[in-house]
Structures are given as C-alpha cells and as structure tokens.
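I have placed the structure first, in the form of structure tokens, so that the comments after it can refer back to it.
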Amino acid sequence: MKPNAAPAPTEKAAAKKRPLRFYLSIGFLIFSALLLIVLWLFQTVFLESFYKTVKTKQVQSCAYSLADYIDTDSFSRLVTEIEEQNSMVVGVYDTSDTEFICTYFSTAQYGFDSKISMNTVYDLYQNAVSNGGEHSTITQFKREERFFKPDEQKMREFNKEQTAASIDEFHQMHEPSLERPVSENLSYAKIVGSGDSERLLIVESEITPVNSVVGTLRIQLIIMTAIILILSIIIAVFLAKRIARPISETNEKAKSLAKQEYDITFENGEYREITELNATLTYAAGELKKVDKLQKELISNISHDLRTPLTMITGYAEVMQDLPGEMTAENLQIIIDETNRLNSLVTDLLDISRLQSNTADIKKAPFSLTKCIESIFARYTKLIENDGLIISFEHEEEVFVMGDELRITQVLYNLINNAINYIGDDKTVIVRQTVKDDRVRIEIIDHGEGISEENLKYIWDRYYRVTQEHRRAKIGTGLGLSIVKNILIAHDAEYGVESTLGEGSDFWFSLPIIPTDTEE
C-alpha cells in the first residue's frame, strides 16, 4: 500500500463507529444505573410488602411449632422463647363447646401492647374453618390496651351463636373503651385438634411502621447513588482503557501486514484473549512472509521457464534465417520441442488455476488403474533406452478404481517425472501397487537426495525446491506436485510423501477399490 493512499472503504466505515472504550464505559454505567434502580425499588417501593410477607411467614412458622407442642409441658417455655425472640403474643382458646374459653394467654411484655377482642377471636375461628384450619389477617389495635382475658363465668353465658350486635354489646359492657393511636398487628389463627380437644391457637405480632425507615433509607440511597455513580465512572474509564489499549496496539501493528511488512512480532497482551490473538497474528505474519517469498520465487521461476524456451526458439530461428545451412531437421525439432514445452507450462498453469478454483472438469468413471500404469510405462521406453534409466512396476493383481482416468494419468506422469528429475545414482524408479483393506496404494520411489523433515510440508507447493537455486526440470514444468495435490484432493484421495535425506523419497496416494463386476 502506498503511504499516501486513500483509506479503504472498510477503514472509512470503521472511522464512523465509536471505539470499544466508549461501549465499555456506557455498558458499565448502564449496569450501575440498573443496579441502583433495583436497589431503590426494593428498599423503598417494595419494602413494606416484602416486610409483611416475611413477617407472615415468620408468624406462621412459630404457630406451626407451637401447635406441635401445645399438649406438652414444654409449651409455656416455647411460648416464652418465641415472645422473647420474635416479639409476639400467643393465645389459646377451647372451641370444643359452643362457648369459647381462653385457656392460655401471654402477658404481652415483649415488645408491644395488644388486645384481641372476642369479635376478632370469632372472626379468626370462622375464617380458619373456611380456609382448611388456618387463617391470617391484619388487624388494628389501640396501643395501650392489654391482651384481654374475659371473665369465664360471663363467657359461659355467651355463645358464638349470638348475633353480631349481641357480641358487640357484650364487649361494650365488659371491655374498657380507650381512644389511643392504632397500629397494625398480624394475627395468625390455626385450629389444633378436633372434636372435644379442638382448640384455636392465635399468634400475633406487631407490624412495625416502615415510613420512618423508608425516609432514612432514601437519604442513604441518595448518598450511595452519588458514590456508586462516581466510582462507576472511574472504574469504567479505567477498565475501558485497560481492555481497549492492547487491542488498539494490535490493530496498529496489524495494519503493517497490508503494507507487506511481515517482520513484526505481536507482543503478549495483559489478558488471555489478546495474548492468543497476538500469537495467531504473529503466526499469520510468519506464514504470509513465507507465502510472499514463495510468490516472488514463483514469478521468478515462471519467468525463467517462459524465457528459456522463448530464447531458444528465437535463437535457433535467427540462426536458421541468417545461415541457410542451419535449416536442418534437428534445429527444427528443437524449436518444436521448446514450443511444446512452452505450451505444457501454460497448460499446467491453467490446470492449477482451475483445480484450485474448483472449476476443473472431473469426470469420474470405473477404470483399471493397473492397465493405466502399464500404458504409461510403454511411453517411457525411448527415455529408458536413451538415458539408461530403470523404471519398474511391481504389482500382483489388477485393480479397478472410480475416478477421472485422464487426471489420474496426469498424477502418475507428474510423480514419475518428479522421481526422474531427482533420481539417484542407481538411475532406478520403482512404481509399486499394493492392496490393503479395500484400498489400493500407489508408491513412486526414487533413491535420490531425499527431503529433510522441515521441507516436507512445503513439497506440494508450486515451484518449491529444497534448494533455493532454480533449475530446469529434465521432464515436466516444475508445477507437477502442485497439480498432483489438487487432483488428488478433487478425488478425495489420501496422499503423502516419506523421505530421508541421502536415501530417497517415496511419494504415494491411495484410492478405494471398486469390485471388478462394476467395471464389467
């Protein structure tokens, strides 16, 4: 990229977006605001309802405990403990007869004054009967009145079948009437036992007014809100910078890759994700450097291979033009051979392009792989005779595979040509066919210079050479192994290379065998 080049469209679009630190700060502040809203709601708006709900559960739990011990000697001790710990009053009424008799009442000395009128007792009893044996309600009491223990003789003269007017008249006659401020008390009634042993257990507790508490909480919450918001802003800015800074540094370094500056190292970050990202980018930079180097070598090698036949064609043509005596069949054959070589190079380049873009026409059909190899061997007869090469084909049976015979033939030609280009002093190339587990494996073996372990993973690249010096192949164009790889990938074949320095190489591929009757 040129230094003064205009920003790419993606860079312009990115410039319009807000930075990561902005979203982190806003997100943290929104979270803090939501937290404060929830705190305000629970500490002010819903405080009274939550308090009453918890108080009801507490009174109910105490009533259940008392009901279990109502007929034991531990009942009085348990009542005392409950009153001391929970500020409650307890009353027990015998409801087995038409007249209610108070058999137990607390002294109400542990937190608040209370009085339960007989109207309330009867109402609680009726509601408990209607609701399966238990009932809770909130009632109002005058603060300075005491828990009422009615006169037993008068109670016997009065029964629950009297009218409501009679009940009110009775209480007006026998209860003091004092005008005092009222407070809310929670009364919980539970019927214990049945028949002659039926009793009504009443547990009552004062509901403390929360208005004054809410006022205090509001002042505290205002102070807390200011403190939390200030701290949130400070923490949000700090975290945003801490998180965004290494990402910004990585982004700036990554821009160098677009300028083909691959000699950069991304330092480890302050947290795992950025460390992993930097490690990946460092690895990618190294791979891009290798690809860039291979690309330059590829252009250089292709230029060399194109220039060589063109130079020879031009040179021989000029000689034949200037010197009539050089117009020989041998010189013409050289021009034809170099023209064919040039044509092969262009064809191979087109093949690689089509195979890598998945546009190559692969026509799969059953064919005899064994006969295909044998026909290739017949075409190497002249080369074997002229150069003294030994090419052998080892096989035990004929096998059939499913594939594009023309493309597989191209694979075999390229692998054999590669073996000849790097043949050893014994001038021997072995093609071996073995069958195992319904698959056929073809190996092309030479005893040449071999390939080191670190170079094996690059051997399938275009124009890759173990040594940096480019040399013209004896046979082929130098693109053969890249073509082989792409054809075998298109056939879903297994392939690879095994090599030892100084001992030679073994290139192989494997295809599934199809039954012979399929071919027939």
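The values are calculated or read from the model by the stated rules, or taken from the named source; none is laboratory data. Owing to the predicted nature of the structure, the values given are computational and were not obtained by experimental measurement. Cβ placement follows ideal geometry from the backbone for every residue including glycine, while neighbour counts extend to all protein chains displayed.
Condition check: in a helix (DSSP H, G or I), modelled with pLDDT under 90 and among the acidic types (D, E). Does E449 satisfy that?
So E449 fails the test.
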Could you tell me whether any residue of the range 135-145 is at pLDDT 75 or above, more than 60 Å from the chain's Cα centre (by Cα) and either under 14 Å from N185 (Cβ atoms) or assigned by TED's automatic domain parsing to the domain that holds K190 (or both)?
no
If you go through the range 189-231 one residue at a time, how many are loosely packed, with under 14 Cβ neighbours inside 10 Å and charged (D, E, K, R)?
2
Examine the range 234-248 for a residue that is part of a helix (DSSP H, G or I), without any contact (Cβ under 8 Å) to a residue 12 or more places away in the chain, of a type in the set (F, W, Y) and closer than 30 Å to Y458 by Cβ, and state whether such a residue exists.
no
Filter the range 398-410 for residues that are modelled with pLDDT of 90 or more and closer than 19 Å to Y380 by Cβ; which is surrounded by the fewest Cβ atoms within 10 Å (Cβ to Cβ)?
E405
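Is the range 374-397 home to any residue that is in contact with a Leu (Cβ under 9 Å, 6 or more places away or on another chain), closer than 20 Å to E443 by Cβ and modelled with pLDDT of 85 or more?
Yes, some residue in the range 374-397 is in contact with a Leu (Cβ under 9 Å, 6 or more places away or on another chain), closer than 20 Å to E443 by Cβ and modelled with pLDDT of 85 or more.
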Tell me whether the range 411-427 contains one or more residues that are closer than 19 Å to P366 by Cα, in contact (Cβ under 8 Å) with a residue 12 or more places away in the chain and part of a strand (DSSP E or B).
no
Does at least one position in the range 395-403 carry a residue that is under 20 Å from K427 (Cα atoms) and outside the structural domain of T311 (by TED's automatic domain parsing)?
no
Quick check on my filter: what residues within the range 265-287 are under 20 Å from the mean Cα position of the chain (by Cα) and under 22 Å from L239 (Cβ atoms)?
Y271, R272, E273, I274, T275, E276, L277, N278
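Based on this model, can you work out whether E454 counts as more than 23 Å from H395 (Cβ to Cβ), under 37 Å from the mean Cα position of the chain (by Cα) and either aliphatic (A, V, I, L, M) or modelled with pLDDT under 95 (or both)?
Values: more than 23 Å from H395 (Cβ to Cβ): yes; under 37 Å from the mean Cα position of the chain (by Cα): yes; either aliphatic (A, V, I, L, M) or modelled with pLDDT under 95 (or both): yes.
In short, yes.
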Of the criteria (1) surrounded by 14 or more Cβ atoms within 10 Å (Cβ to Cβ); (2) assigned by TED's automatic domain parsing to the domain that holds S32, which one I234 fails
(1)
Which of the residues spanning the range 482-516 are within 25 Å of G450 (Cβ to Cβ), among the hydroxyl-bearing types (S, T, Y) and in contact (Cβ under 8 Å) with a residue 40 or more places away in the chain?
S482, S499, T500, S505, S510
Complete set of residues in the range 26-46 that are surrounded by 14 or more Cβ atoms within 10 Å (Cβ to Cβ) and either at pLDDT below 80 or of a type in the set (F, W, Y) (or both)
F28, W40, Q43, T44
Failed criterion for F22 (all others in (1) of a type in the set (A, V, I, L, M, F, W, C); (2) surrounded by fewer than 16 Cβ atoms within 10 Å (Cβ to Cβ); (3) over 45 Å from the mean Cα position of the chain (by Cα) hold)
(3)
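Of everything in the range 320-349, what is more than 18 Å from L310 (Cβ to Cβ) and not in a loop (DSSP other than H, G, I, E, B)? Give them in sequence order.
Result: D322, P324, G325, E326, A329, E330.
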